[in-house]
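Below: the structure, in structure tokens.
Values quoted throughout were computed directly from the atomic coordinates according to the rules given, and no laboratory measurement underlies them. If you're wondering where the values come from, they're calculated on a predicted model, not measured in any experiment. Glycine gets a Cβ as well: all are built from the backbone with ideal geometry, and neighbour counts include every protein chain shown.
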Amino acid sequence: MNVIVIGLGPIGLAVAAAVQRDPDMTLAGLVDLDSTKVGKTLKELHDPAAPGGPAVVRSLDEIKSFDLAIVGTTSYFTDMAPLLRQLIARKAHVVSSCEEMLWPWYRNPTLAGEIDALAKKSGVALLGTGVNPGFVLDSLPLVLSSMVLEVRSVRAVRRLDARKRRRPLQQKVGATMTVQHFNSLKAEGKIGHKGMAESVAMVAAGLGVTIKPGSVEELLEPVVADRDIDSMLGTIKPGQVAGMHNVGKWSDGKLSIELDLTMSCGVTDSGDHVYLDGPVPLELHIPGSTPGDSATVAALVNSARILPKAPCGLRTMLDVGRIAAARVVA
């Protein structure tokens, strides 16, 4: 399978390296608008030990042939749509870390329907996935629910120490900001985890309930440092923002869903936790939390391996079947 990678931040570069190592995939192209990356190979940008491979180009038009694109460029489905149309026209399958693409019908039902129809007509499958959203707060609770007959409430909690994550994520959660700056960005909708409502909608759908657009309550607050905390952005002083706390809630009286996410520098009790309540309560705990960066790479590459076998159209993690590490890759 000939695979291209679009968007070459830290995750995109790691995805490209994983594709290059996979015996069932050929890295057929790299695309990024950053002029400092254009013309360079993965060997130059990421891993001196890597084989040369294709050089980075600015446009899809510069790549002759490919079967599938892995895209990590935006969190917003409306921003993804033009690129999806281009890729569909090239008859390419698409796997993306675009958070809103996990369940695009929640915010953009009309646009999602249009993209779905185009993909079906061209015979390709499109999928939004990742670790969060895509696994910890949505797919994992649904997998766990297969071991009980009835679920009345789902509560999933993810707490992670952003110091162990890449610099862009530390910037994303507001590390070193003032609380005033954080709150001003919050008021403009320019900070906070993307995909929380989509995760809630997917959990509900997996349990047989359709959530109306706009019905998920989303809460966002800064996590304020109470001590000096080191970060890739410098030392976070007491009173400055160390990270963020996001919650997504929904209930219809019969089923309640609460997803709770803390991403902050200095978290000392990292972990992922799923609580299912019903006649037979069930819990799952992952100490230390699922490692976000490497897990995102794995989710994208493992999904790419099986996506061409999925039904055509705009798909979700509920549609694509078993995704797993297929083998040990040397």
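The figures follow:
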quantity: Cleavage-rule hits (trypsin sites (Lys or Arg not before Pro)) in the range 201-285: DSSP loop, at most 11 neighbouring Cβ within 10 angstrom; calculated: Arg227, Lys254
quantity: Note, ³J(HN,Hα) from phi for the range 283-293, Karplus 6.51, -1.76, 1.60, rounded to Hz, x at Gly and Pro; calculated: 10, 9, 10, 10, x, x, 6, 5, x, x, 5
quantity: Three-way shape label, the range 137-235, alpha-carbon gyration tensor, a/c 1.5; calculated: prolate
quantity: Extended-chain gain in nm, criterion 0.36 nm per residue less alpha-carbon gap, Met1 and Thr268; calculated: 91.9 nm
quantity: Residue-wise HN-Hα coupling along the range 13-26, computed from phi with Karplus coefficients 6.51, -1.76, 1.60 (Hz; x: Gly, Pro); calculated: 5, 5, 4, 4, 5, 5, 4, 5, 7, 6, x, 9, 10, 10
quantity: D_trans [Stokes-Einstein, Kirkwood Rh over alpha-carbon pairs] for the chain, 25 °C, 0.890 mPa s, µm² s⁻¹; calculated: 119 µm²/s
quantity: Within straight-line cross-link reach of Lys120, aspartates and glutamates at Cα separation under 16 Å, skipping those fewer than 8 residues along the same chain; calculated: Asp67, Asp319
quantity: Cβ-Cβ FRET estimate between Lys309 and Glu114, R0 fixed at 25 Å, reported to 0.05; calculated: 0.55
quantity: The chain, helix-only ellipticity at 222 nm - DSSP H runs n ≥ 4, -39,500 (n - 2.57), divided by all residues, nearest 500; calculated: -8000 deg cm²/dmol
quantity: Residue-by-residue Karplus 3J(HN,Hα) for the range 181-187, coefficients 6.51, -1.76, 1.60, Hz, glycine and proline x; calculated: 5, 4, 5, 5, 5, 4, 5
quantity: Peptides ranked, highest mean first, by Cβ atoms within 10 Å: ranges 144-152, 84-92; calculated: 84-92, 144-152
quantity: Mean-position separation - Cα centroids, the range 54-86 and the range 240-304, in angstrom; calculated: 29 Å
quantity: Prolate/oblate/rounded call for the range 244-317, Cα gyration tensor, a/c under 1.5 rounded; calculated: oblate
quantity: Neighbour-count order for Lys37, Lys121, Lys190, fewest beta carbons within 10 angstrom listed first; calculated: Lys190, Lys121, Lys37
quantity: Taking the range 139-289 and dividing mean pair separation by its residue count, relative contact order in percent (alpha carbons under 8 Å, at least six apart); calculated: 37 percent
quantity: Placed amide H near Val223: partners under 5 Å, 5+ positions off or other chain; calculated: Ala242, Gly243, Met244, His245
quantity: Residues listed by number, the range 303-326, amide nitrogen under 12 Å from Asp24 label point at 7 Å toward C-beta; calculated: 303-310, 322-326
quantity: Of every Cα-Cα pair in the range 27-111, the percent that sits beyond 15 Å; calculated: 62 percent
quantity: 5 angstrom amide H check on Gly266, placed H, neighbours 5+ away; calculated: Ala162, Arg163
